[in-house]
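No lab work stands behind these numbers, since they all come straight from the coordinates. All values reported here derive from a predicted model rather than from experimental measurement. Methodologically, a virtual Cβ is constructed for each residue, glycine included, from the backbone with ideal geometry; neighbour enumeration extends over all protein chains shown.
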Amino acid sequence: MIKNYIENANFEDTGFSYTMSIISGKHKMVILYCLMEFEVVRFNELKRYLKTISDKTLSSNLKELEKDQLIVRNEYPQIPPKVEYSLSERGRSLMKILDQLCVWGEENRI
């Protein structure tokens, strides 16, 4: 089934290609996993969780995930500014797949 699907379609037009395009990169899946685990997370909490990520890279990844409607950014009008990130409904639907990747990794670790 998958082989026929790939043979009859341009790879860039496949669902697999689309999914990979929105979650690819070194940090996006880790950001999504963090939001799945902790539900609502602030920027500095994400930075501490990811450890080696720069502010610019984290900010860029968050903007891309928001643009792809996988996360929701809530900004509170206060001083100092408070911004929280959480999974959108669309992002939560992706967590079933991310959870299965975790299970596979645990079961197949060499």
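Peptides 76-85, 101-110, 24-33 ranked from most to least packed by the mean count of surrounding Cβ atoms within 10 Å: 24-33, 76-85, 101-110. Note on Asn74 and Met95: the model spin-label points, each 7 Å out from Cα along the C-beta direction, lie 1.4 nm apart.
Only loop residues by DSSP count here, and only those with at most 15 other Cβ atoms within 10 Å; note down the GluC sites (Glu not before Pro) in segment 6-69 that meet that. Display every interim value, and only then the final one.
On the way: sites: Glu7, Glu12, Glu37, Glu39, Glu45, Glu64, Glu66; in loops: Glu39.
Here the sparse-neighbourhood loop sites are Glu39.
Give the relative contact order (percent, whole number) for the chain; include only Cα pairs under 8 Å separated by 6+ residues. Please report the intermediate quantities before stating the final value.
Details: 84 pairs, mean separation 26.8, N = 110.
So the answer I get is 24 percent.
For a straight C-alpha distance cut-off of 19 angstrom, the aspartates and glutamates reachable from Lys63 (same-chain residues fewer than eight places away being disregarded) are Glu39, Glu45, Asp55, Glu75, Glu84, Glu89.
Restricting to DSSP H runs of at least four residues, report the calculated mean residue ellipticity at 222 nm for the chain, -39500 (n - 2.57) per run over all residues, nearest 500 deg cm²/dmol.
Working: 6 runs with 66 residues, N = 110.
My calculation for the chain gives -18000 deg cm²/dmol from helical runs alone.
Under a point-charge model restricted to the Cβ atoms of Lys and Arg (+1) and Asp and Glu (-1), what is the dipole moment magnitude of the chain relative to its Cα centre, in debye to the nearest 20? Intermediate values should be presented prior to the final figure.
Details: 16 positive and 16 negative charges, 81 e Å.
With only Lys, Arg, Asp and Glu charged at Cβ, the dipole is about 380 debye.
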